[in-house]
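Derivation of every value follows stated rules applied to the coordinates shown; laboratory data play no part. Note that the structure is a prediction, hence the values are computed from the model and not measured. Neighbour counts are summed over all protein chains in view; Cβ atoms, including those assigned to glycine, are modelled from backbone coordinates with ideal geometry.
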Amino acid sequence: MAAVGALMALAGAFGTGAMPPLQRSAFWLLLMGWNTFKWQMWFAWLVTRQEDWPRTALIGAVLLNLPLPLEIAAALRLVGIEAALEPRTIWAEALLIATGTAATIAVWRRRPHRPAPAALEVPLLARWGIAPGQVLAVRAEDHYCRIHLAGGIQRLLLVRFSDVLEALSGEDGERTHRGAWIAARAVHRAERAGRRWRLLLPCGTALPVSPSYRAAAAARGWLH
């Protein structure tokens, strides 16, 4: 609406072309400000669904423009001008303005929609300042995962074990238990107690090797 007002001020619509620039700007500011408020109230009252817009705009173009000659006369008096107005001329110009505005809005609304670019997803472990290459081992603990880093540092994160495994899919390592993963470079030695095996990290932390994953660990040469 502000753009329409600026255009009308420049074009001198409704016979305002002969007015001094300051008076003309004040006139259009008053007229368009009032009409903006009027149309907003009209749409707020009648539009409840997307389908209501065309019908409401069409009816408003007739009903809301009927008092336009009185509104123009009032705005002119407020800027210090008395003028005799011809209502039919004003209604004709208002119809042209409304048609042009409606056409502009229709073209704008039919532009192809371009979806907003998806936000760049932060890698899972990077949310905690951890690079996948820093991880020596992972142990699931209920809804948490204990992340073992170099130097015996441990981080307990509220994250699913399956999601951590996916984040580490590019690293050289093996799953040794349904809730344990170890990087190949982190295997210090293996311990056996009967039929059970454990893999030890350099810091002494032990990770279990379950029967389901024993073959993979043995193929790596870790169980000896």
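Just a few scattered comments:
- Amide H contacts under 5 Å for Met19, placed H, 5+ residues apart: none
- The HN-Hα couplings worked out from phi for segment 171-180 by the Karplus form 6.51 cos²θ - 1.76 cosθ + 1.60 (θ = phi - 60°) are 9, 7, x, 9, 7, 10, 7, 4, x, 8 Hz, whole numbers, x standing for Gly and Pro.
- Among the trypsin sites (Lys or Arg not before Pro) in segment 148-224, those placed in a DSSP loop whose Cβ has at most 11 other Cβ atoms within 10 Å are Arg178, Arg195.
- Ranking of Thr56, Thr48, Thr89 by count of other Cβ atoms within 10 Å, fewest first: Thr48, Thr89, Thr56
- Residues Val187, Val159, Val47 in ascending order of nearby Cβ atoms (within 10 Å, fewest first): Val47, Val159, Val187.
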